[in-house]
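**Student:** I'd like to ask you about the structure that follows.
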Amino acid sequence: MSGQLVCVEGLLGKHVPAEDLSEVWRILYGKELRKLDLPSSAVNAASQENFEIKGCVFEAALEQLRRPRTVRVGLIQNKIQLPTTSPVAEQVNALHRRIAEIVDVAAMCDVNIICFQEAWTMPFAFCTRERLPWTEFAESAENGATTKFCQELAKKHNMVIASPILERDESHGDTLWNTAVVISNTGAVLGKTRKNHIPRVGDFNESTYYMEGNTGHRVFQTAFGRIAVNICYGRHHPLNWLMYSINGAEIIFNPSATIGELSESLWPIEARNAAIANHCFTCAINRVGTEHFENEFTSGDGKKAHHDFGHFYGSSYVSAPDGSRTPGLSRVSEGLLIAEMDLNLCRQTCDKWNFKMTGRYEMYAEELARAVRPDFQADIVRE
C-alpha cells in the first residue's frame with residue numbers, strides 16, 4: 001500500500017457528518033479521550049522540526065485509598081535520515097540527532113517514559129539477508145554508543161527510555177539479538193529484553209539474522225510504573241502479551257517495523273486486544289517511510305526481485321485496559337504521541353471484568369504441557 005493516505009481518522013473527520021462523528025469515534029475507539037493540553041513551545045518546536053505531535057488523556061475513577069498514579073508516556077515513529085548507502089556511522093549519528101530533537105520536545109511535555117521504534121538506529125535491512133554493512137549497526141546493549149547516548153538523554157530529562165537496537169553479544173560468540181535496552185531515569189542501564197518470536201513471512205524472514213530471545217518475559221520496575229517491551233512480531237502471539245502481564249506489566253510497548261500490504265488490517269486490532277485481555281496499557285509503534293536498498297533481494301515467494309519492502313505505515317497508538325485508544329499518528333510523517341494515563345485504571349478494569357480472576361491458568365498449563373509432548377493426541381470426540 002502506498003504512503004499517500006495520511007490517516008484514517010482524517011478521512012472519517014472529512015466525510016462523516018458532524019452529528020454522527022462522535023458516535024463513530026465511540027464505536028471504533030471506545031470512550032472519547034480528552035486531548036492533552038500541550039505546551040505551545042512543544043507544538044511550535046515540533047512544527048519547526050517537521051514532525052507531528054499529538055496528546056491524549058486516559059482517566060480513571062478517583063479512589064478513596066489510592067491516589068491517582070499518573071504517568072506520561074511518549075512514542076516516537078520516524079524515518080531513516082540518510083540514504084541506506086551512506087556510511088554506517090553517519091546514518092547512526094543522523095538518527096541520534098533526530099531522536100534527540102524529538103525527545104527534547106517530549107521533555108517539554110513532561111513525558112516520563114519514552115519508547116523508540118524497533119531497530120531505530122538503522123534501516124530495516126534484516127530481510128535483505130546481506131551481512132555487510134548491516135551487521136555493523138549492531139552494538140553492545142550495555143555499553144554501546146547508542147546506550148550511552150540514551151543514558152545521557154535519560155539523565156538530562158529524568159526520563160525512562162526503551163531503546164530497541166540490534167545487539168552484538170560479544171560475551172557469547174558475537175551472537176546477534178533483536179533487543180530492547182531499558183534505561184532508568186537516573187541514567188543507569190536497568191536491563192535488556194530480547195525479541196521472543198522471529199517472523200518467517202515474505203520479506204520479513206529474519207530467522208537467519210538473529211536468534212529468538214532467551215530473556216523470557218522481563219518486566220522492569222521503573223520510577224513511573226512497571227513496563228515491558230514486546231518487540232514487533234511478538235504482538236501476533238497472545239500468550240506473549242499474557243506472560244508480560246502475568247509478570248506484572250502495567251504498560252507493554254510494542255516497537256515494530258511493518259508494512260501496509262502485509263499487516264495494516266491487523267495493526268489497529270492486536271495491541272488493543274492485548275490491552276483488553278490483559279488489563280494493561282499497550283503502546284504500538286511503527287516506523288514510517290519507504291527504505292530503498294542498493295542491491296535487489298527476493299523473498300523466495302515467486303515475486304520479482306525488488307529494492308524495498310514497501311511502505312512502513314506509522315499509525316502508532318496507545319490502548320487502555322478498558323478498550324479505549326488514542327487516534328493513531330500519521331501513516332506518512334514522523335511523529336510523537338503522548339499519552340497521559342492513570343495506572344489505577346489497570347486494577348479498576350480488572351475488578352470490573354475479572355479476566356485474570358476467571359482465567360483457568362492451571363487448566364491451560366496442564367493442557368499446554370501435554371500439547372508439547374511428542375506423543376500428544378488432540379482431545380477430539382468422535383462418533
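**Student:** Looking only at residues that are of a type in the set (Lys, Arg) and buried (at least 17 other Cβ atoms within 10 Å of the Cβ) in the range 178-233, which one is nearest to the chain's Cα centre (by Cα)?
**Tutor:** Lys195
**Student:** Regarding Lys352, is this residue out of contact with any strand residue (DSSP E or B) (no Cβ under 8 Å at 6 or more places or on another chain), of a type outside the set (A, V, I, L, M) and either more than 30 Å from Leu36 (Cα to Cα) or assigned to a loop (DSSP other than H, G, I, E, B) (or both)?
**Tutor:** no
**Student:** So, one more: Pick from the range 28-40 the residues that are farther than 14 Å from Ala339 by Cα and under 24 Å from the mean Cα position of the chain (by Cα): which of them is surrounded by the most Cβ atoms within 10 Å (Cβ to Cβ)?
**Tutor:** The qualifying residue surrounded by the most Cβ atoms within 10 Å (Cβ to Cβ) is Tyr29.
**Student:** Now a separate question. Can you list residue pairs whose Cβ atoms sit under 6 Å apart, with the first residue in the range 206-224 being hydroxyl-bearing (Ser, Thr, Tyr) and the second being part of a loop (DSSP other than H, G, I, E, B)? Count only pairs 6 or more apart in sequence or on different chains.
**Tutor:** Close Cβ pairs (under 6 Å, with a partner that is part of a loop (DSSP other than H, G, I, E, B)) amount to Ser207/Ile198.
**Student:** Further, regarding this structure: Within the range 286-313, track down each residue that is of a type in the set (A, V, I, L, M, F, W, C) and in contact with a Gly (Cβ under 7 Å, 6 or more places away or on another chain).
**Tutor:** Once the filter is applied, which keeps residues that are of a type in the set (A, V, I, L, M, F, W, C) and in contact with a Gly (Cβ under 7 Å, 6 or more places away or on another chain), the range 286-313 yields Val288, Phe312.
**Student:** Taking the residues in the range 177-216 that are part of a loop (DSSP other than H, G, I, E, B) and touching a strand residue (DSSP E or B) at 6+ places or on another chain (Cβ under 6 Å) as candidates, determine which candidate is modelled with the lowest pLDDT.
**Tutor:** Top of the filtered list is Ser207.
**Student:** Another question about this same structure. Could you run through the range 270-320 and say how many residues are outside any strand (DSSP E or B) and in contact with a Cys (Cβ under 6 Å, 6 or more places away or on another chain)?
**Tutor:** Selection size over the range 270-320: 2.
**Student:** Now for a different question. Out of Phe309, Phe293, I need the residue that is under 30 Å from Asn50 (Cβ atoms), modelled with pLDDT of 95 or more and over 19 Å from the mean Cα position of the chain (by Cα). Which one?
**Tutor:** Phe293
**Student:** Criterion first (in contact with a strand residue (DSSP E or B) (Cβ under 7 Å, 6 or more places away or on another chain) and more than 22 Å from Met122 (Cα to Cα)) does Gly248 satisfy it?
**Tutor:** It is true that Gly248 is in contact with a strand residue (DSSP E or B) (Cβ under 7 Å, 6 or more places away or on another chain) and more than 22 Å from Met122 (Cα to Cα).
**Student:** Hey, another quick one. Please go through the range 80-137 and give me each residue that is within 18 Å of the chain's Cα centre (by Cα), assigned to a loop (DSSP other than H, G, I, E, B) and within 26 Å of Gly55 (Cα to Cα), ordered by number.
**Tutor:** Within the range 80-137, Ile80, Val111, Asn112, Phe116, Gln117, Glu118, Ala119, Trp120, Thr121 qualify.
**Student:** Would you be able to say whether some residue in the range 146-167 is hydroxyl-bearing (Ser, Thr, Tyr), more than 26 Å from Met341 (Cα to Cα) and more than 21 Å from the chain's Cα centre (by Cα)?
**Tutor:** No; the residues of the range 146-167 include none that is hydroxyl-bearing (Ser, Thr, Tyr), more than 26 Å from Met341 (Cα to Cα) and more than 21 Å from the chain's Cα centre (by Cα).
**Student:** May I pose another question? For the structure I just gave you, tell me whether Glu139 is without any contact (Cβ under 8 Å) to a residue 60 or more places away in the chain, surrounded by fewer than 24 Cβ atoms within 10 Å (Cβ to Cβ), touching a Leu at 6+ places or on another chain (Cβ under 9 Å) and over 20 Å from Phe224 (Cβ atoms).
**Tutor:** For Glu139, the condition - without any contact (Cβ under 8 Å) to a residue 60 or more places away in the chain, surrounded by fewer than 24 Cβ atoms within 10 Å (Cβ to Cβ), touching a Leu at 6+ places or on another chain (Cβ under 9 Å) and over 20 Å from Phe224 (Cβ atoms) - is met.
**Student:** Shifting gears a bit: Ala162 is checked against (1) touching a residue at least 60 places away in the same chain (Cβ under 8 Å); (2) part of a loop (DSSP other than H, G, I, E, B) and fails just one. What number does that condition carry?
**Tutor:** (2)
The values are calculated or read from the model by the stated rules, or taken from the named source; none is laboratory data. All values derive from a computational prediction rather than experimental measurement. Ideal geometry is used to build each Cβ from the backbone, glycine not excepted, and the neighbour counts take in all protein chains shown.
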